[in-house]
1. So for Ser210, Ser290, Ser31, fewest C-beta neighbours within 10 Å to most, what's the order?
2. Give the shape of the range 2-207 as rounded, prolate or oblate, defined through the alpha-carbon gyration tensor: a ≥ b ≥ c are the square roots of its eigenvalues, a/c under 1.5 means rounded, and otherwise the shape is prolate if a/b is larger than b/c and oblate if not.
3. Could you work out how far helix 143-154 tilts from the main Cα principal axis of the chain, as a 0 to 90 degree angle to the nearest 10?
4. Working from Cα positions, state the angle (0 to 90°, nearest 10) between the long axis of helix 213-224 and the longest principal axis of the chain.
5. Report, to the nearest 10°, how far helix 317-334 tilts away from the longest principal axis of the Cα atoms in the chain, using its own Cα long axis and a range of 0 to 90°.
6. Could you tell me how many cubic angstrom of Cα convex hull volume the range 213-334 has per residue?
7. Dividing the alpha-carbon Rg of the chain by 2.2 N^0.38 Å yields what?
8. Sort 140-153, 228-241 for me by packing, meaning the mean count of neighbouring Cβ atoms within 10 Å per residue, highest on top.
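A short reminder: the numbers here are calculations on the coordinates, not readings from a lab. Keep in mind that what you see is a predicted model, and the values were worked out from it rather than measured. Quick reminder, even Gly has a Cβ in these numbers, built from the backbone with ideal geometry, and neighbours come from all protein chains shown.
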Amino acid sequence: MNARTNRHHPPAELIDALRRTRSMVCCGHVSPDADCLGAALALARAWSAYTNRDAAVWVTERCIPARLRFMLDLANVRRAVDADFEAADRIVIVDTSQPSRADQPKQHAANWNDNQRIFNIDHHFTNTCFGQIDWIVENASSTCELVYELLHGLQCDIDPSTAALLYSGIYTDTGGFSLPNTTANALHIAAELTQLGVSPSDIAERVDRSVGQPQFELLKHIYQNTRTLADGAIAFSTVSHDELVRSGCDPSDIDDQVNVPRSMAGVAIAALFTEVEPGRVRINLRGESSTEVAGLAQRFGGGGHRQAAGVIYSGSLDEAVDRIINAAIEMLDQTEPTTDADEQPQAIESNRS
């Protein structure tokens, strides 16, 4: 059963089920960002302390950007191993729109018929509702915002480290409280987390002002390779596999560098094409103002938010650029500007028996 509302408080079924849970594994999507990491780590940390029961988090550490690895130290939670997925009575998947994007052991991911143990918490409108209980709130700023509300519903204590994890996710997913998803509720929660011990300047320094020399070299390639089309409405950049290697980086270092082409005035669609390995290209897409890019991503097998989406493309870097950019030009030619009345943010809450 699916019900669409704008409610940010967690469904009673989810609260009750988590209170009865004996052991939990939390995981998120592949190539996790701060929102994904913060949501999984904060939930496991706070729930375990509240219930005095076992919670573990599955993370593929080599895929975590260097600037976000401080979050693992903050959380200090047990890392899951393959066997935990069989032993845990609940698997909570956060910030992940579809099963194929979940970061977990391959042998477990293949068994999606066993969704009776899966809870799905997310804010992507493209979420496929693959769990026993799905709590999907599209108009939430971040999944960390939802986990904050969930911890309050569970009456869990939020200590300074948990607060910092949640704040990091909200801060990054709102672009430092500068993007359209920066709502009054997001700002209110950020203020409450600050009162709980978060240092906003410390989080900003760790996230925004901690670029190492290899990441700086990578940025130089991205700036140099930035191009514009369609009278400046489209801006994109590329990173070849050779450039990635020569800079001293690896695919985990690709995070929010799409903001380089995005920062140019007049851009409606920004894209970053990264050849993570020969024949495999990661594409980050961003839309400005009323321009949506989720449909563009879905056309090539990707997904995400209306204005922030991504694709993993099998093929050469040149082919990926050619196909995606031509599709973006075609989309802009056909898209009429939307009005505020056209936007009806929704939430999905389902309880599947």
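1. Values: Ser210 13, Ser290 17, Ser31 20.
Going from sparsest to densest Cβ surroundings: Ser210, Ser290, Ser31.
2. Rounded, because the longest to shortest axis ratio a/c is under 1.5.
3. 10 degrees
4. 50 degrees
5. On a 0 to 90 degree scale, this one is about 90.
6. Values: hull volume 10.8 nm³, N = 122.
Residue-normalised Cα hull volume stands at 89 Å³.
7. Output field value: 0.96.
8. On the way: 140-153: 26.1, 228-241: 18.6.
Peptide ranking by packing, descending: 140-153, 228-241.
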